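Each remark here refers to the structure printed beneath this line.
The values are calculated or read from the model by the stated rules, or taken from the named source; none is laboratory data. Here the structure is a predicted model, which means the values were calculated and not measured. Cβ: placed from backbone, ideal geometry, glycine included. Neighbour counts: every protein chain shown. Each accessible area value is taken on the protein alone, full model and side chains, heavy atoms only, with ligands, DNA and RNA left out. Shrake-Rupley method; radii C 1.70, N 1.55, O 1.52, S 1.80 Å.
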Amino acid sequence: MANASKLFVNPHHKMGKINAEIQGHFAEHLGRCIYEGLYVGEDSDIPNTKGMRNDVVNALKEMKIPVLRWPGGCFADEYHWQDGIGPKEQRKKMVNTHWGGVIEDNSFGTHEFMELCRQLGCKAYINGNVGSGSVKEMSEWVEYLTFDGMSPMADLRAANGHPEPWVVDYFGVGNENWGCGGNMTPEYYGKLYRHYQTYIRNYNPEQKIYKVCCGASDDDYNWTRGVLSTTYYKAERQNGFMDGLSLHFYTMPGGWEDKKCATEFDESDWYKTLKRTMFMESLIAGHGAIMDEYDPDKKVGMIIDEWGTWWKVEDGTNPGFLYQQNTMRDALVAAINLNIFNKNCDRVKMANIAQTLNVLQAVILTDGAKMLLTPTYHVFNMQKHHQDAELLYSYVESKPVGLQDDYMIPNLQESASLGLDGKVHITLNNLSISDDYEIETQIADSQVKSVKATILTAPMTAHNTFDSPETVKPTEFTAFTITDNKVSFKIPGGSVMHLAVTI
Ligand code: AHR
């Protein structure tokens, strides 16, 4: 095929491990993410196990959810964990000031979160409270969660029905402390970070807690530099006392002031959105370059613990609940971001889409007992083969597409890995909404034995509803030819593909 775009993958050129946590999730006490979404309580008519919705848990397990971040978000810096333990009827209620001013009854707390992670088989990422908490409160939470033996907090945990300690994989020291988490300056937060993290004790040296320092949003490089220059002061600790530094970036093409509709948009909005999404590459490079100055060996992970689209809420819903629909455009946003994270796996060690259910770019929507999988869910399910795989050198010939000079993007984008199953996994996106492209995939120095491929494709505004939950869903793709080390096919406009190549 003379006009085909060449997609080149070298299975012998390995470029580092893609941490499974790159496909992580985030669940905040916000709108219907926890309550109604993940947790309905044991007395609900909706089938559940210890209060967790069975349908939701099964769907998240199917896409191999690797890690879940909780309880916020902005909520984290107002959350007092001791209010969420003990008999539910005695738990203190609070006003969720950030998200709709609703009453939070604390019926989902530490025990429920750790039970949810157990059911999901995923790692736990807990975000502590710096903004309105104390060092004592944070340190006692870690003791409550992880201390094995006799101690005031371990005894309290046992009295509340869980004598065994849990494993906490990741712990965040505050959230967005430049904004909702206390409106701090980078230097002030940097000092607090040094102080707070001291008391996140590793009670079990075999299960070290990965400490995440609060990083910047968007291109606030000043925050990154200010925090690192404070935490690395005197360089008495090689890693600035941290294992990871976070970054938040939402795809919001109209900005905060002009949130766009999730489902009604034109081709120009399509390209603006994908262009904005691709800014993630520059952010990883920009913040990564500052991190390199302090941490040239890349020991500290970039933890992109909030990302995704942020649209206008659906009509008739509480504006504080951030409930939005999810189209084929969101699928491309997810597919582009996940490919970018894969390609930057030397620095990006975890990423958490915001948010798992019923909030922002959710993978699942629920309505009472009904549940649907969004196009974004299907992208995660197609990408799961990259989890813990080896990133491979890959390259796709691309050309600019778009309607306006300022919003041109590459027509094709890819990443490839050598999976734990020994197969070469390629995820390829066609960012053009109108044009199909012939692709000639070449797997270097290999004989292609067989290919199994899946495609997600639909008109750009297509989405799943409770009346029609399978409008957008992946299908098996068989329209390819194999010759020696080449796989040739045509990728339709606006689509996401996964190829599993046996060599
Ligand atoms: O995900 C919604 C909110 O976005 C989070 O609470 C906050 O951290 C961010 O601003």
*Across the stretch 152-183, what is the total count of residues that are free of Cβ contacts under 8 Å to residues at least 24 places away in the same chain and within 16 Å of the ligand (Cβ to nearest atom)?*
1
_Given (1) surrounded by fewer than 18 Cβ atoms within 10 Å (Cβ to Cβ); (2) more than 16 Å from the ligand (Cβ to nearest atom), index of the condition Ser132 fails_ = (2)
*Limited to the stretch 166-208, what total is found for residues that are among the aromatic types (Phe, Trp, Tyr) and open to solvent by 40 Å² or more (accessible area, probe 1.4 Å)?*
4
*Which one is nearest to the ligand (Cβ to nearest atom), of the residues in the stretch 319-345 that are under 16 Å from the mean Cα position of the chain (by Cα) and open to solvent by 10 Å² or more (accessible area, probe 1.4 Å)?*
Asn344
*Which pairs do you get when a residue that is within 17 Å of Tyr189 (Cα to Cα), found in the stretch 132-148, comes within reach of a residue that is hydrophobic (A, V, I, L, M, F, W, C), reach meaning Cβ atoms under 8 angstrom, with the pair 6+ apart or on two chains?*
Met138/Val130; Met138/Val173; Met138/Ile200
*Counted residues, the stretch 209-224 - those being more than 16 Å from the ligand (Cβ to nearest atom) and crowded, with 19+ Cβ neighbours inside 10 Å*: 4
*asked:* Which of the strands (runs of 3 or more DSSP E) found entirely inside the stretch 441-503 contain at least 3 residues meeting this: out of contact with any Phe, Trp or Tyr (no Cβ under 8 Å at 6 or more places or on another chain)?
replied: 450-457, 495-502
*Could you look through the stretch 65-94, keep only residues that are more than 21 Å from Asn177 (Cβ to Cβ) and aliphatic (A, V, I, L, M), and pick out the one that is farthest from the ligand (Cβ to nearest atom)?*
Ile85
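Can you go through Gly86, Gly100, Gly109, Gly73 and tell me which one is in contact (Cβ under 8 Å) with a residue 24 or more places away in the chain and open to solvent by 30 Å² or more (accessible area, probe 1.4 Å)?
Numbers: Gly86 fails: open to solvent by 30 Å² or more (accessible area, probe 1.4 Å); Gly109 fails: open to solvent by 30 Å² or more (accessible area, probe 1.4 Å); Gly73 fails: open to solvent by 30 Å² or more (accessible area, probe 1.4 Å).
Among Gly86, Gly100, Gly109, Gly73, only Gly100 is in contact (Cβ under 8 Å) with a residue 24 or more places away in the chain and open to solvent by 30 Å² or more (accessible area, probe 1.4 Å).
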*Taking the stretch 16-53, which residues are in contact (Cβ under 8 Å) with a residue 40 or more places away in the chain, open to solvent by 60 Å² or more (accessible area, probe 1.4 Å) and farther than 24 Å from Asn381 by Cβ?*
Asp45, Lys50
*Would you check if Lys272 is of a type in the set (Lys, Arg), more than 16 Å from the ligand (Cβ to nearest atom), farther than 27 Å from Met408 by Cα and open to solvent by 10 Å² or more (accessible area, probe 1.4 Å)?*
no
*If you go through the stretch 366-396, how many residues are open to solvent by 60 Å² or more (accessible area, probe 1.4 Å) and either part of a strand (DSSP E or B) or touching a helix residue (DSSP H, G or I) at 6+ places or on another chain (Cβ under 6 Å) (or both)?*
5
_Selection status of Val348, away from the ligand (no atom under 16 Å from the Cβ), crowded, with 18+ Cβ neighbours inside 10 Å and closer than 27 Å to Tyr125 by Cα_ = yes
*Flag for Lys399 being assigned by TED's automatic domain parsing to the domain that holds Asn411 and open to solvent by 10 Å² or more (accessible area, probe 1.4 Å)*: yes
*Out of (1) out of contact with any helix residue (DSSP H, G or I) (no Cβ under 8 Å at 6 or more places or on another chain); (2) under 24 Å from Phe265 (Cβ atoms); (3) open to solvent by less than 70 Å² (accessible area, probe 1.4 Å), what's the single condition that is false for Asp436?*
(3)
_Hits in the stretch 301-318 (condition: away from the ligand (no atom under 15 Å from the Cβ) and small (Gly, Ala, Ser))_ = Gly301, Gly316
